[in-house]
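What follows draws every value from the coordinates through simple rules; no lab data is involved. All figures in this text were calculated on a predicted structure; none of them were measured in a lab. Note that we place each Cβ from the backbone using ideal geometry, even for glycine, and neighbour counts take in every protein chain shown.
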Amino acid sequence: MNIFDFSYEFPSTIEELDKFNGKEFEIFSFKFFQELGYSTRMTDDTNDKGIDLIVKMPIEQGTKNVGIQAKRWKSKVGADEVRSMLDGREHYSLNEIWIVTTSDLTSAAKTTAMNNKIEIINRDRVKIFLEELKKRENVKFRQNKSIKKQSPVIPTSENLEKDDNDLFFIDLKNCVV
C-alpha cells in the first residue's frame, strides 16, 4: 500500500451514496466528471450562487461550461434550490446548468428547471452513472466494510478458570465463537 495513493474510491451503490453528507456528494460528483476526462473545479462553499462545480466539456466549436448543483437529499429538491442556480449561470458565464440529486425534484422544481433549460439528473440517472463507472477500467470502488457481528463468549467449563484470588476469568484461547 502506497501512503501517497490519494486515488478516490467511488461508492458502488446508490445506498452508499445515501450515507454521504452534502460535501461528500459534491466531491463524488467532482470525481465522477473528472473520471470522464472533463476539466472540473469546485466553487467556493460560501456564496456559490447555487453552483457547486464547473465542468468544461468539449464541443465541436470549443468547450462549454456546465454548472452543477449537487444535492444529496432524501426529500425532493424544491423550486427555490433550482431558482438559486439561475444566478450562477450569469455569474460563472455558464452555457448550461444541471442539478444532480440522489432524490428527485418537486413538480414545481421540475417546471422551473424545464422553463429555464436546467438539466435534471435524478436518482435513477445517478444509478446509471454508477453502473457506467463499473464498466470503466482502473476505477476504484469502496470495499463493503460491513462489520461481522461476533457471537458472545459463553462461559463453559473449558474456558472458565480461577486466578490466585479466587476470581473467575474466561480463557479466550479455549473459546469457540
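Residues of region 38-55 with an amide N closer than 12 Å to a point placed 7 Å from the Cα of GLU96 along the Cα-to-Cβ direction: 55. Taking each of LYS23/LYS74; LYS71/LYS127; LYS56/LYS110 in turn, the alpha-carbon distance tops 22 angstrom for LYS56/LYS110.
The label point for ARG83 and the one for ASN115, both projected 7 Å from the Cα toward the Cβ, are 0.9 nm apart. Each residue of region 87-103 was assigned a 3J(HN,Hα) from its phi angle through the Karplus curve 6.51 cos²θ - 1.76 cosθ + 1.60 (θ = phi - 60°); the sequence is 4, x, 4, 6, 4, 9, 6, 8, 7, 9, 10, 10, 10, 10, 9, 8, 10 Hz, with glycine and proline shown as x. Taking Lys and Arg as +1 and Asp and Glu as -1, the other residues whose beta-carbon sits under 13 Å from that of MET85 total -3.
Reducing region 1-61 and region 75-103 to their Cα centroids gives an inter-centroid distance of 16 Å.
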